[in-house]
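The values are calculated or read from the model by the stated rules, or taken from the named source; none is laboratory data. Just so we're clear, the structure is a prediction, and the values are computed from it rather than from any experiment. Backbone-built Cβ (ideal geometry, glycine too); neighbour counts: all protein chains shown. Calculation scope for accessible area: heavy atoms of the full protein, side chains included, ligands and nucleic acids excluded. Shrake-Rupley method; radii C 1.70, N 1.55, O 1.52, S 1.80 Å.
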Amino acid sequence: MENRRSQVIVVSTRAVGAVSALCVVVGASRPASATGPYRPLSRPPLHSGVQNRPNLPHGQAPRVPGAGGPGGKGSNGTGSNTGWPFDGSGNSNGYNGNAYPGEPAPLPPQPAARPPKRRKHRARRFLATIAVLLVVVVAATAGYAVYSYQRFVSGVTHVEAIAASAFADIDGDDQNILLVGDDHRPADSTPQELAQMGTGLDGGSTSTDTMMVLHLPADGSAATLVSLPRDSWVDIDGYGTNKLNAAFAFGSSEGDAATGAQLLISTVQNVTGLRIDHYVRVSMLGFYNLVDALGPVDVCLNNAVDDPYSTLSLPAGVSTLNAQQALAFVRQRHGLPNGDLDRQVRQQYFLSVEARTIASPATLLNPGRLTNVLDAASSAIETDPDLNFIDIGLKLQRVGADDLASATVPIAGTPLIWSGGNQVSIVELDTATMPSFIAAIVGQSDDYTASTASMPADVAVSVLNGSGVSGAAAETTETLAGMGFVTGAAASTDDRTVSTIEYPPGMESAAKAVAAALPGATVSASAFVDGVTVVIGANGLEVPIEAPAAGSGTTASGDDAVVVPEAEPESGTDEGAGTTSYAAGACIN
């Protein structure tokens, strides 16, 4: 925190220094006419006689003593030595008799005149004022930023959601944040608050109806929001199979919000294979308050909706929603073509819309509105203590709302099953395509890209058959053994769509050697294997007739190294991960 604050102060100080230096340069660059030698106005021409005097009443002499020399000689009189301040010369006329004009006396030396100072002083005062104002503005901006951040962080509730775990980290420095929205309403909610939310008391329910994993690449590239349907039928440690949204409630019943979060995180990790680094939970009331602080939001629907369960009634096309309508918008699942799956789409779409609102100048450049939003957000969320909002912001600084990709974990169907003597509607996850789905989002690790392929004799590999073709694993095992690999016994596994080479983090070199022997297979790190494992999918494997020849390329050592074909690293493409980005103005169901 201190380092971050120092960065703000350093940046502000440098800005002030730059502005001040600019002011000094401008202040020293006055126009040339003000810096050249002073040129006084031309003296008026001297004339003989009294035409040189100011207009005075007849017979009145001036009372101002002159500074000039003696007057010229008259014919019948003496010249006056009373000079005029206007030209510094004596009068050349005698006062007695008819005098002839005398020669004007020579001018005495003129004192050096100084340029006017008032304009320069005004310019300096003006520039100094501007400099002070700029210093104040920059300092106030930096101070407001620090104050706002401290105010925001101080309002966040922390919970020990991340338990110590040996779960493998397959994506290195990338971060995965589990975002959870539950339907909890405070027990002391007033009838007015419940009416505003369009709901009633929940009887203490802690079901988590919204669960998403925000994947943030370490290099600042596009983030991906992965939704997990609440009705996903999954294994929950200690409780058998149940709906995913029950995990938090089961864990909470054994302790508190921390144990509930830990069991939910463990369940999500087992489903996706992604290690969860951070946790954020928002309640229904918190969501309402946050949207209310952001103000009205525009959404677009392909078809009109009228759902009495969520209280949402909107026409087709663009509608402007208040906080109550927005809450109903993300909660609706009745009357949608795909039920709970379309609700996931609603939530992804809404987050994209609100991301634009938060990042807009209307929010960021409005201190009052921004303060309200930050206060509402900080009071609405619950996070693990190690979540650093500045680090998250730095990772998202290059990601716009249009760059936020959304996806839902692979779905096999939505069947009705019997559980506990009751018929239950569930979402069946497609575990066969889950590994390739996650691999497409995470992409290939830098460690794998930079690794050097091991020698086949130094690599142990196992083969599993998920293709449905009898004998496929045994045949592939025999082929790999003939290439010099150390092979284990062939076995079967659940059906897979895509053939993969899976490896635990730390075995990149061994996996690269197998990839050279089986080109075309998807290579991905996995938390569910102990060694390099080939899983044959329905798309089969391309096995070379001969082992890869030794030669140049990526080598282990010496001349007997394995040549690894150059290939583009895996990346989270729209096609591979089935992701969607919601452009501004997009319409949904």
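Summed over region 457-472, the residues that are small (Gly, Ala, Ser), over 16 Å from residue 542 (Cβ atoms) and out of contact with any Ser or Thr (no Cβ under 6 Å at 6 or more places or on another chain) give a count of 5.
Just checking, which of 487, 500, 522, 493 is outside the structural domain of residue 273 (by the TED database) and either open to solvent by 60 Å² or more (accessible area, probe 1.4 Å) or over 46 Å from the mean Cα position of the chain (by Cα) (or both)? Selected residue: 487, the only one of 487, 500, 522, 493 that is outside the structural domain of residue 273 (by the TED database) and either open to solvent by 60 Å² or more (accessible area, probe 1.4 Å) or over 46 Å from the mean Cα position of the chain (by Cα) (or both).
Filter region 326-350 down to the residues that are open to solvent by 30 Å² or more (accessible area, probe 1.4 Å) and either under 18 Å from residue 213 (Cα atoms) or of a type in the set (D, E, K, R) (or both) and list them by number. Before the answer, list the steps.
Step one: of region 326-350, the residues open to solvent by 30 Å² or more (accessible area, probe 1.4 Å) are 331, 333-335, 337-338, 341, 345.
Answer for region 326-350, where residues must be open to solvent by 30 Å² or more (accessible area, probe 1.4 Å) and either under 18 Å from residue 213 (Cα atoms) or of a type in the set (D, E, K, R) (or both): 331, 333, 341, 345.
Do we find that residue 323 is closer than 26 Å to residue 147 by Cβ, open to solvent by less than 40 Å² (accessible area, probe 1.4 Å) and touching a helix residue (DSSP H, G or I) at 6+ places or on another chain (Cβ under 6 Å) in this structure? I'd like the intermediate steps shown before the answer.
On the way: closer than 26 Å to residue 147 by Cβ: no; open to solvent by less than 40 Å² (accessible area, probe 1.4 Å): yes; touching a helix residue (DSSP H, G or I) at 6+ places or on another chain (Cβ under 6 Å): yes.
Answer is no for this residue.
Picking from residues in region 421-435 that are open to solvent by 30 Å² or more (accessible area, probe 1.4 Å) and of a type in the set (Ser, Thr, Tyr), the one that is farthest from residue 527 (Cα to Cα) is 425. Just one residue in the set 295, 286 is under 30 Å from residue 308 (Cα atoms) and surrounded by 19 or more Cβ atoms within 10 Å (Cβ to Cβ); that residue is 286.
Matching residues to (1) closer than 25 Å to residue 379 by Cα; (2) β-branched (Val, Ile, Thr):
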site: 234; (1), (2): no, yes
site: 241; (1), (2): no, yes
site: 257; (1), (2): yes, no
site: 261; (1), (2): yes, no
site: 271; (1), (2): no, yes
site: 279; (1), (2): yes, no
site: 283; (1), (2): yes, no
site: 292; (1), (2): yes, no
site: 297; (1), (2): yes, yes
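When region 233-259 is filtered for residues that are closer than 18 Å to residue 279 by Cβ and assigned to a loop (DSSP other than H, G, I, E, B), the ones remaining, listed by number, are 237, 254, 255, 256. Out of (1) part of a strand (DSSP E or B); (2) free of Cβ contacts under 8 Å to residues at least 12 places away in the same chain; (3) not acidic (Asp, Glu), the odd one out for residue 407 is which? Unmet condition: (2). Residue check: residue 167 meets all listed conditions (1) at pLDDT 85 or above; (2) open to solvent by 60 Å² or more (accessible area, probe 1.4 Å) but one, namely (2). Residue 466: touching a residue at least 60 places away in the same chain (Cβ under 8 Å), buried (at least 19 other Cβ atoms within 10 Å of the Cβ), touching a Gly at 6+ places or on another chain (Cβ under 6 Å) and within 17 Å of residue 491 (Cβ to Cβ), yes or no? Answer is yes for this residue.
Counting only residues that are in contact with a strand residue (DSSP E or B) (Cβ under 8 Å, 6 or more places away or on another chain) and not in a helix (DSSP H, G or I), how many does region 292-328 have? I'd like the intermediate steps shown before the answer.
First pass over region 292-328, keeping only residues in contact with a strand residue (DSSP E or B) (Cβ under 8 Å, 6 or more places away or on another chain): 296-302, 304-307, 312-321, 325-326, 328.
Now narrow it down to the ones that are not in a helix (DSSP H, G or I): 296-302, 304-307, 312-321.
Residues flagged as in contact with a strand residue (DSSP E or B) (Cβ under 8 Å, 6 or more places away or on another chain) and not in a helix (DSSP H, G or I) within region 292-328 amount to 21.
Inspection of region 351-369 finds a residue satisfying the criterion of being outside any helix (DSSP H, G or I), aliphatic (A, V, I, L, M) and open to solvent by 30 Å² or more (accessible area, probe 1.4 Å). Do you know which of the residues in region 233-255 that are in contact with a Lys or Arg (Cβ under 9 Å, 6 or more places away or on another chain) and closer than 17 Å to residue 409 by Cα is surrounded by the most Cβ atoms within 10 Å (Cβ to Cβ)? Among those residues, the one meeting the criterion is 244.
In the set 442, 459, which member is buried (at least 20 other Cβ atoms within 10 Å of the Cβ) and over 26 Å from residue 243 (Cα atoms)?
Numbers: 442 fails: over 26 Å from residue 243 (Cα atoms).
Answer to the check: 459.
When both residues are 6+ apart or on different chains and their Cβ atoms are under 9 Å apart, which pairs have a first residue that lies in region 256-282 and is within 18 Å of residue 437 (Cα to Cα) and open to solvent by 20 Å² or more (accessible area, probe 1.4 Å), and a second that is of a type in the set (Ser, Thr, Tyr) and assigned to a loop (DSSP other than H, G, I, E, B)? Final answer for the pair search is 271/431; 275/165.
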